[in-house]
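The next block holds one structure in the form of structure tokens; read it before the comments.
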Amino acid sequence: MIEYYFETTWRINAPLQDVWEAVYHSEDWPNWWKGVTEVQVLETGTDGVGGLRRITWQSFLPYALVINVRSTRVVPLQLLDGDISGELVGTGKWTLSQEQDISVVRFEERVRTTKRWMRLLAPLARPIFRWNHHMVMKWGGECLAKKLGATLVSYEDK
């Protein structure tokens, strides 16, 4: 089974508290993040830990991707860890920090696909799947900066 590793970094000239609030409250993502079409809160957890969200993503490609994310660790203003299940299986991690007046947001994701057609096409479509992820994450950085009335200083995707 093919595993994907993604690492995205946004640098935004906005207060860390504001960036944290936007990233932490994923139920609001469809209101500002192009590509996130729906977030359902299935369980709230305790102080965020154990919370379960169902997130639907859509980009240029003609399919929607639905994943469930259960938060496993929350350190306010610093870290969100989660286990991913559904059409992808793996882990995701948001790390936030401040460098002078720039908020640095890093998202790491290590996942495998569960949809049969995606697994079958992976040897040929892998670059397209990576590009798709890149576009959705780029939109996220741009849209977050816009939401906060800030500037996306830089965007990196590995």
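Counting the residues of the range 124-133 that are of a type outside the set (Phe, Trp, Tyr), closer than 13 Å to Tyr4 by Cβ and free of Cβ contacts under 8 Å to residues at least 40 places away in the same chain gives 2. Scanning the range 107-120 for residues that are outside any helix (DSSP H, G or I) and in contact with a Phe, Trp or Tyr (Cβ under 9 Å, 6 or more places away or on another chain) yields Phe107, Glu108, Glu109, Arg110, Val111, Arg112, Thr113, Lys115.
Residue-wise test of (1) within 16 Å of Leu144 (Cβ to Cβ); (2) charged (D, E, K, R); (3) surrounded by 14 or more Cβ atoms within 10 Å (Cβ to Cβ); (4) in contact with an Asp or Glu (Cβ under 6 Å, 6 or more places away or on another chain).
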{"position": "Trp29", "(1), (2), (3), (4)": "yes, no, yes, no"}
{"position": "Thr37", "(1), (2), (3), (4)": "no, no, yes, no"}
{"position": "Asp47", "(1), (2), (3), (4)": "no, yes, no, no"}
{"position": "Asn68", "(1), (2), (3), (4)": "no, no, yes, no"}
{"position": "Pro76", "(1), (2), (3), (4)": "no, no, no, no"}
{"position": "Gly82", "(1), (2), (3), (4)": "no, no, yes, no"}
{"position": "Gly90", "(1), (2), (3), (4)": "no, no, yes, no"}
{"position": "Leu96", "(1), (2), (3), (4)": "yes, no, yes, no"}
{"position": "Glu109", "(1), (2), (3), (4)": "no, yes, yes, no"}
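Selection over the range 144-158 of residues that are open to solvent by 50 Å² or more (accessible area, probe 1.4 Å) and part of a helix (DSSP H, G or I) gives a count of 2.
For the range 121-143, state whether one or more residues are in a loop (DSSP other than H, G, I, E, B) and open to solvent by 50 Å² or more (accessible area, probe 1.4 Å). Scanning the range 121-143, I find no residue that is in a loop (DSSP other than H, G, I, E, B) and open to solvent by 50 Å² or more (accessible area, probe 1.4 Å), so the answer is no. Filtered by the rule that a residue be surrounded by fewer than 17 Cβ atoms within 10 Å (Cβ to Cβ), at pLDDT 95 or above and either part of a helix (DSSP H, G or I) or among the aliphatic types (A, V, I, L, M) (or both), the range 1-18 gives Gln17, Asp18.
Close Cβ contacts (under 6 Å, 6 or more residues apart or on different chains) running from residues in the range 6-31 that are closer than 17 Å to Gly51 by Cα to residues that are open to solvent by 10 Å² or more (accessible area, probe 1.4 Å) and of a type in the set (Lys, Arg) comprise Ser26/Arg53.
Residues that are aromatic (Phe, Trp, Tyr) and touching a residue at least 24 places away in the same chain (Cβ under 8 Å) were ranked within the range 32-79; the one that is nearest to Thr113 (Cα to Cα) is Trp57.
Going through the range 49-66 one residue at a time, which ones are open to solvent by less than 80 Å² (accessible area, probe 1.4 Å), closer than 21 Å to Met137 by Cβ and in a strand (DSSP E or B)? Please lay out each step first, then the result.
Taking the range 49-66 and keeping what is open to solvent by less than 80 Å² (accessible area, probe 1.4 Å), we get 49-53, 55-59, 61, 63-66.
So of that shortlist, the ones also closer than 21 Å to Met137 by Cβ come out as 53, 55-59, 61, 63-66.
Those that are open to solvent by less than 80 Å² (accessible area, probe 1.4 Å), closer than 21 Å to Met137 by Cβ and in a strand (DSSP E or B): Arg53, Ile55, Thr56, Trp57, Gln58, Ala64, Leu65, Val66.
Are any of the residues in the range 19-26 open to solvent by 20 Å² or more (accessible area, probe 1.4 Å) and of a type in the set (S, T, N, Q)? Checked the range 19-26: no residue is open to solvent by 20 Å² or more (accessible area, probe 1.4 Å) and of a type in the set (S, T, N, Q).
The values are calculated or read from the model by the stated rules, or taken from the named source; none is laboratory data. The structure presented is a predicted model; accordingly, all values stated were derived computationally and were not measured. Reconstructed Cβ throughout: ideal geometry from the backbone, glycine too, with neighbour counts over all protein chains shown. What goes into the accessible areas is simple: the full protein's heavy atoms, side chains included, and nothing from ligands, DNA or RNA. Shrake-Rupley method; radii C 1.70, N 1.55, O 1.52, S 1.80 Å.
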